[in-house]
Amino acid sequence: MDKNGLLKLLHSMTLEEKINQMLQVSGFYFEYEEEGILTGPMNQAGITKRELDTAGSVIGIAGAEKLKKIQRAYMEKHPQGIPLLFMADVIYGFKTIFPIPLAQGCSFAPGLAREGAETAAAEAAAAGLHLTFSPMADLVRDPRWGRVMESTGEDAYLNSCFSAEMVKGYQGEEGLDKKGKIAACVKHFAGYGAPLGGRDYNTVELSKRTLMDQYMPAYASAINAGAATVMAAFNTLDGVPASANKWLMRDILRGELGFEGVLISDWNSILELIPHGLAETKGEAAKLAMEAGMDIDMMTTCYSRHLQKLVDRGEILEELVDEGVLRILELKNKLGLFEHPFKDADEAAEKVLVLSKAHREKARKMAEETLVLLKNENDTGTHAPILPISPSRKVAVMGPYADNPHTLGAWALFGEARDTVTLKAGIQNLLRNETMDSFPVFAAGCPILDDLDKVEMPEAEKEEILQQQKQRAALLAEAVDLARKSDVVVLALGEHYAQSGEAASRTVLNLSQGQQTLLDRIYEVNQEIILVLYNGRPLILPEIMKKCRAVLEVWMPGTEGGNAIANVLYGKVNPSGRLSMSFPYREGQIPVCYRQYSTGRPYQGEAYKYLSQYLDCPNEAFLPFGFGLSYTTFSYGPIRLNRRSMGKDGVIRAQISVKNTGTCEGKEVVQMYIQDKKGTVARPLRELKGFQKIDMKPGEEQEISFEITEPLLRFYGAREKWTSEPGMFRVYIGPDSTCTDFEEFELLSN
Ligand code: BGC
């Protein structure tokens, strides 16, 4: 349909029909309707039949057959026959689940994230979906917040690379109506990643400079990549909840960032303007959200019940409603829904695509690149590094993740544990055809959780854990016995998936007491311990790591996790992940990130008291951003700049030669950090401004080159504009954010 057609359609609608285009309801209501239980749950939520028959979009259900049926029935009833828009959280995969985004950040391979998004889109589109609520572009620096798992990490530059590639992966670059493409939704605009104390939904206090300079770039990058929609955050910014924040939505999002697509509130967030204390009634909440420019009201009836009255009373202009509705119709049009209301929904294609071999391979490959080797000491038996595991070693794989399919993370809405390759299955797949003196043995060792309070999971899963809790002593005894009889113990420990994610903030970032005891007791009888750590956030590891010869961080690795981890443990794949988020020494250090300021009293190792330091803990992270080991080693030559100064249109090339000095092929992530030495506002000690992941054979040497141009040096300056300031800059290049070699250049003022 062309623009005129859309306008004609808009003008043919009654005000009520227009308003209901802005209403988003749960897909379950349609299922209830079908099952004839319309009255119960629907009444509780207060949705009427009329609203359901004219609501513009649906959230949270999928499946080609089901969605086609709903669409068909809906369109027959709808006065203008306008199709529904089906949306859902396809955050890191639809059925083929990829590693969580925090892990994807560790791949330092945004191209892989793009492939992951393409794969997710292909499956989701075949299952009838039109839009995913991804990417989450929130910057995160507080691991107490459970949703760090949904972000690609603590760095604005890294996140910007990922958010753009994910958008391109979901949407393609040739139009949303193309086969296998779905619309992306950048969230949560803005600053949701910085709730005070790491407590979900809490107030956010960010200076405008920090908001713009640090939090804005990844959203902006996704928007520049063409993201069709944006979701407002739950939190307040400078006292105003995002859903009612006119400045944020109209001046910044629409004005400065030039976003022209659909803006959607988060789940229930318009109604939450009441507990926030901004509105007293649903009508007031609707008015505030409308004024801020929310086009879609997710899961409340604030708009559908109150906008009409507000327009009748002249409190909201009908033009404002029209603007929002037109954007929604435009999105439906871009997706091609007026011509093809089912879009790619196709039962046969869904069957073929979902969890296909090709998709599983992509998930496995991505998982392999996200694993971060944090430590690798020598095995006292062989005197060689304990990883990769030598096939002659007698191995016991133990811990609650030794054979546990619940490794999909907290936002795998459509993923199923039964499709997941566990660590045990992965190791068995890998070693099936090997001739070995002894095959690894497996044991759980302890339940994953000591306490099921406040963690949400299906009843059957709870029951399993309760059963294990009853057998606690026997499980521990079995594990200690196996450890005693083995050369090497692979201990697969970590958080339960429900301990991270939404509404899963924690103040003590540890393992459960049961898991800690398992580690301690095994250590008493066998110190050749390889820890495989599953988690949705950085944990506090100093004491735990002391007891382990090697540590492999595997996050929540997704459907193919077991195969990927087995490949790394046995050396078929060399680990190449680098941390996308710093690991603190302890919780009191939080927030900790590599991007720090000097302060007026920088601590540089002196024995002097009045410096910016802790009495009981270093300032830096325990494991820094960008850090990760490999089975090989790399050496870096000196940094070379092709010139020492440049004007605003100039380019400086920073070069370095990197060599694989070890004995096996491996991937290195070469990282470039820049420091702006003096500014009209304090500038950080360094910021990531480039990275390249390179694959090198043993002995191979490569010349790596980064281009530095003026836009790379811009920041949100003293005059509240993105600007660079002439002066001296330092360029660091190395293997992680603590690298020390640098060169300097000058940005000239012309
Ligand atoms: C979350 C969003 C999500 C939405 C829809 C909310 O609770 O904050 O990230 O997309 O629910 O499921």
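Bear in mind these aren't lab numbers, they're just calculated from the coordinates by the rules spelled out. Keep in mind it's a predicted model, so treat the numbers as computed, not measured. Don't worry about glycine lacking a Cβ; one is built from the backbone with ideal geometry, like all the others, and counts go over all protein chains shown.
Note on residue 282: lysines with a C-alpha under 27 Å away, same-chain residues under 8 apart excluded, are 18, 49, 187, 246, 309. Farthest toward the positive end of the dipole of the chain, out of 271, 128, 335, is the Cα of 335, where the dipole comes from beta carbon charges about the Cα centre.
Over the C-alpha trace of segment 297-425, radius of gyration and Dmax come out as 26.5, 82 angstrom. The GluC sites (Glu not before Pro) of segment 601-700 that meet both conditions, a loop assignment by DSSP and at most 10 other Cβ atoms within 10 Å of the site Cβ, are 606. The protection proxy used here, the mean number of other Cβ atoms lying within 10 Å of each residue, ranks peptides 137-150, 637-650 as follows, highest first: 137-150, 637-650. Each Cα pair of segment 268-365 feeds into the Kirkwood radius, which the Stokes-Einstein equation turns, at 4 °C and 1.567 mPa s, into a diffusion coefficient of 79 µm²/s. Residues whose amide H comes within less than 5 Å of that of residue 85, counting only those at least five positions distant or on another chain, are 57, 58 (H built at 1.01 Å from N in the peptide plane).
Over all pairs of different C-alpha atoms in segment 361-436, the reciprocal of the mean inverse distance, the Kirkwood hydrodynamic radius, equals 14.8 Å. With N as its number of residues, segment 405-495 has a Cα radius of gyration that, divided by 2.2 N^0.38 Å, comes to 1.26. Among bridges DSSP assigns within the chain, what percent are antiparallel (round to 5)? DSSP beta bridges in the chain are roughly 55 percent antiparallel.
Over every pair of different alpha-carbon atoms in segment 34-191, take the mean of 1/r and invert it; report that Kirkwood radius in Å.
For segment 34-191, the Kirkwood estimate is 16.9 Å.
For segment 41-128, the spread of Cα coordinates along the three principal axes comes to 49, 27, 19 Å, biggest extent given first. The order of the peptides 73-79, 518-524 by mean Cβ neighbours within 10 Å, most packed first, is 518-524, 73-79. Once backbone amide H atoms are built at 1.01 Å from N, residue 345 has 128 as its partners under 5 Å, excluding neighbours fewer than 5 places away on the same chain.
Helix 156-171 and the longest principal axis of the Cα set of the chain meet at an angle near 60°.
Per residue, the average separation of C-alpha pairs within less than 8 Å and at least 6 apart gives the chain a relative contact order of 13 percent. In this Cβ point-charge picture (+1 for Lys and Arg, -1 for Asp and Glu), the chain has a dipole of about 1140 debye about its Cα centre. Mean sequence separation of contacting Cα pairs (under 8 Å, at least six apart), scaled by the length of segment 274-383, corresponds to a relative contact order of 16 percent. Helical content alone sets the calculated 222 nm signal of the chain at -9000 deg cm²/dmol, taking -39,500 (n - 2.57) per DSSP H segment of four or more residues and averaging over every residue.
Over all alpha-carbon pairs in segment 215-298, figure out the percentage whose distance exceeds 23 Å. Of all Cα-Cα pairs in segment 215-298, 16 percent lie more than 23 Å apart.
Relative contact order of segment 204-325, please, whole-number percent, based on alpha carbon pairs below 8 angstrom and at least 6 residues apart.
22
Using the Karplus relation 6.51 cos²θ - 1.76 cosθ + 1.60 with θ = phi - 60°, the per-residue 3J(HN,Hα) values for segment 130-142 come to 10, 8, 10, 7, 8, x, 8, 9, 6, 6, 10, 9, 10 Hz, with x marking Gly and Pro. In the chain, the C-alpha radius of gyration followed by the widest Cα-Cα span (Dmax) gives 26.6, 83 angstrom.
For the peptides 505-511, 82-88, the ranking by mean Cβ contacts within 10 Å, running from highest to lowest, is 82-88, 505-511.
Report D for segment 329-402 in µm² per second (integer): Stokes-Einstein, Kirkwood Rh on Cα pairs, 37 °C, 0.692 mPa s.
186
Residue by residue, segment 274-285 carries 3J(HN,Hα) couplings of 6, x, 4, x, 8, 10, 9, 10, 5, x, 4, 4 Hz when phi is fed to the Karplus relation 6.51 cos²θ - 1.76 cosθ + 1.60 (θ = phi - 60°); x denotes Gly or Pro.
Under the classification rounded if a/c is under 1.5, otherwise prolate if a/b is larger than b/c and oblate if not, where does segment 477-604 fall, given a ≥ b ≥ c as square roots of the Cα gyration tensor eigenvalues? It comes out prolate by the Cα gyration axes.
Enumerate the lysines that residue 375 could reach by cross-link, defined here as Cα to Cα under 20 Å, with residues fewer than 8 away along the same chain left out. Excluding near neighbours in sequence, the set is 546, 547, 572, 667.
Express in % the proportion of alpha carbon pairs of segment 345-386 at distances exceeding 13 Å. Mind dumping the intermediate values first?
Details: 595 of 861 pairs.
Cα-Cα pairs in segment 345-386 separated by more than 13 Å: 69 percent.
Here the Karplus curve 6.51 cos²θ - 1.76 cosθ + 1.60, taken at θ = phi - 60°, turns the phi angles of segment 665-677 into couplings of 5, x, 10, 10, 9, 7, 10, 10, 10, 10, 10, 8, 6 Hz, with x standing for Gly and Pro.
Residues whose amide H lies under 5 Å from that of residue 630, counting only those 5 or more places away or on a different chain, are absent; hydrogens are built 1.01 Å from N in the peptide plane.
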